[in-house]
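Following: one structure in structure tokens, then a few remarks.
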Amino acid sequence: MSGQSTRGVVFVHSSPRALCPHVEWATGSVLNARVAFDWTPQPAAPEMFRAELSWTGVSGTGARLASALRGWNHLRYEVTEEASRGVDGGRWSHTPELGIFHAQIDTHGNVVVPEDRVRAAMAHAGEPARMRHELELALGQAWDDELEPFRYAGAGAPVRWLHRVG
């Protein structure tokens, strides 16, 4: 595969034990490499496990990883992809209750809200609560609220680096 090289991280915030090997297989199939996550118990969800995996690959790998993990019940995850020359970064957040959310990310890690989303929110300027709701939706606030306890529980967890060759 040719393209601009980038890197990112797969954060599996919670997974049932039985799903862990499937997550590894799906991730490995996208990265075209054998992967082994370092699974640890998830303190925020008893009987669930968490893991992180850093990756390198061509631009667009983050979207393919997020798609490969989508659709499994009880799986909470985030995939990040750093910006590369001429290509925006991204973050994909998934929860069983909310589904998947994608945000463009700038070089400083900020969510970039497209102009049309800002204009749509501004159309409700006379309704402050509705305008706030539209902006929170554009920023992925509901996903952040749901994932934050799982992120916090994983603070300080080890990260495995996987570098793709070729």
> Is at least one residue of region 124-141 among the basic types (Lys, Arg) and more than 27 Å from GLY3 (Cβ to Cβ)?
Replying inline: yes
> Restricted to region 10-30, and to residues that are in contact with a strand residue (DSSP E or B) (Cβ under 7 Å, 6 or more places away or on another chain) and not in a strand (DSSP E or B), which residue is surrounded by the most Cβ atoms within 10 Å (Cβ to Cβ)?
Replying inline: THR27
>> Please go through region 90-136 and give me each residue that is touching a helix residue (DSSP H, G or I) at 6+ places or on another chain (Cβ under 6 Å) and basic (Lys, Arg), ordered by number.
In response: ARG117
> Which of the residues spanning region 30-51 are in contact with an Asp or Glu (Cβ under 8 Å, 6 or more places away or on another chain) and either aromatic (Phe, Trp, Tyr) or closer than 21 Å to GLU148 by Cβ (or both)?
Replying inline: PHE37, ALA51
>> Taking the criterion of being without any contact (Cβ under 8 Å) to a residue 24 or more places away in the chain and in contact with a Gly (Cβ under 7 Å, 6 or more places away or on another chain), would at least one residue in region 97-104 satisfy it?
In response: yes
> Within region 115-143, restricting attention to residues that are part of a loop (DSSP other than H, G, I, E, B) and aliphatic (A, V, I, L, M), which residue is surrounded by the most Cβ atoms within 10 Å (Cβ to Cβ)?
Replying inline: ALA123
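Every number in this text was worked out from the coordinates using simple rules, so none of it is lab data. This structure is a prediction, so every number in the text was calculated from the model and none was measured. Cβ: placed from backbone, ideal geometry, glycine included. Neighbour counts: every protein chain shown.
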